[in-house]
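Have a look at the structure below, then the notes.
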Amino acid sequence: QPWAKYREQITHIEIGKEVTHLGTYAFAYSYNVKSVTFEEGSKLQSIGSFAIFYMYRNLTELVLPESVTNIGKYAFYHCGILKSINLPNSLSYIGDYAFELCWILQSIKIPNSVTSMGANPFLDCEHLWQILVSPDHPSLL
């Protein structure tokens with residue numbers, strides 16, 4: 001990663017619309033990131049394991065583009081103050097421990113498009129009091 005030596009100085013990340021995959025550890029350990037945006041018309045399909053959001057301590061909210069279908073394991077690990085995330089209706093898979101240690105996350109809606117989730121995707125989310133799953137989606141209940 002050419003920007004690794006600058007990771008502590010990065011405060012904003014904008015993902016271009018032609019990016020289709022965020023690889024493993026893409027922007028991991030960029031502790032000071034406060035916002036992540038996706039260019040309009042984003043074609044992002046997958047967020048790799050330990051990817052862009054791993055260990056973000058200042059990111060409070062995130063809206064993923066409607067094109068995302070896969071969230072890898074530990075993708076949002078230890079995003080300690082992530083309060084809200086909007087999962088797109090195109091999402092089909094949430095990986096193992098994807099949101100582990102997102103302490104402040106209080107509620108999350110699992111879209112009907114999700115067909116599979118890995119082990120303990122919400123482990124140690126201390127304030128998570130509501131996981132919304134459609135009653136028409138019994139495979140996740």
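The values are calculated or read from the model by the stated rules, or taken from the named source; none is laboratory data. The shown structure was predicted, so the numbers you read here are calculated from the model rather than taken from an experiment. A quick note on method: Cβ atoms are made from the backbone with ideal geometry, for glycine too, and the neighbour counts reach across all protein chains shown. These accessible areas exclude ligands, DNA and RNA; they are computed on the full protein's heavy atoms, side chains included. Shrake-Rupley method; radii C 1.70, N 1.55, O 1.52, S 1.80 Å.
For T69, which of the numbered conditions (1) under 14 Å from G95 (Cβ atoms); (2) open to solvent by less than 20 Å² (accessible area, probe 1.4 Å) fails to hold? Answer for T69: the failing condition is (2).
Screening L64 on (1) within 16 Å of P121 (Cβ to Cβ); (2) crowded, with 21+ Cβ neighbours inside 10 Å; (3) aliphatic (A, V, I, L, M) shows it passes everything except condition (2).
Return yes or no: is T37 within 16 Å of I85 (Cα to Cα), open to solvent by 20 Å² or more (accessible area, probe 1.4 Å) and β-branched (V, I, T)?
On the way: within 16 Å of I85 (Cα to Cα): yes; open to solvent by 20 Å² or more (accessible area, probe 1.4 Å): yes; β-branched (V, I, T): yes.
Yes, satisfied.
For the residues I85, I10, I81, the requirement of being of a type in the set (A, V, I, L, M, F, W, C), open to solvent by 50 Å² or more (accessible area, probe 1.4 Å) and either farther than 23 Å from S139 by Cα or outside any helix (DSSP H, G or I) (or both) singles out I81. Evaluated against (1) touching a Leu at 6+ places or on another chain (Cβ under 7 Å); (2) surrounded by 19 or more Cβ atoms within 10 Å (Cβ to Cβ), A75 falls short on exactly one condition, (1). Of all residues assigned to the range 124-136, none qualifies as being open to solvent by 30 Å² or more (accessible area, probe 1.4 Å) and under 26 Å from I15 (Cα atoms).
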